[in-house]
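Bear in mind that the values in this text are calculations on the coordinates, not laboratory data. What you see is a predicted model; the values in this text were computed from it and never measured. Every residue, glycine among them, receives a Cβ derived from its backbone with ideal geometry; neighbour counts consider all protein chains shown.
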Amino acid sequence: MKKIFTLVFCLTTLFAIAQSPIGKGGKQLNFGVSGNSYYVPAYVSFEFGVHPDITLGPQAGMDLSFDYLNLAFRGDYHFNTLIGISQEWDFYAGTTAGFSILIGTENVTVKNGLYIGLQVGGRWYWSDRWGLNLEFGGSNLFGNARIGLSLKM
């Protein structure tokens, strides 16, 4: 009986420690650059922890010549609990939905319209608050790769 109690205690502790680095009630700001075949925009997103492993939040991106704007809402599942890794790392996948708006006329290859995409990414936190993120994604309009910083709040 003592061994079963010890095993249950260890597994519970492992899953409590291995939850998403953001966690329920946590907040995180992400920002950086995103490259694809059409343009190189800047992006910003804000994540709210609604479950120990799930985050939701707004996202915006704009190309550096201010010709194109993307406004979306994203949701991500963080795999830390599932695969049992430390909070120094964060692996996630999710979906994004929003609108893409062509503001200028320079970039005629980008279209206005509904933006629906999928993403997969990871973060490495070098401190309690700061991390480096890398994400790959694709949508009905274009594919992209992002690199940037994450700040836990």
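The table below lists the values:
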item	result
L149/L114 FRET efficiency (R0 22 Å; Cβ-Cβ; nearest 0.05)	0.15
Extension gain from L134 to F73, taking 0.36 nm per residue of separation minus the Cα-Cα distance	20.1 nm
For E88, net neighbour charge (Lys/Arg +1, Asp/Glu -1) across residues whose Cβ lies under 15 Å away	+1
At R0 = 22 Å, FRET efficiency that the Cβ-Cβ distance of I83 and K27 yields, to 0.05	0.40
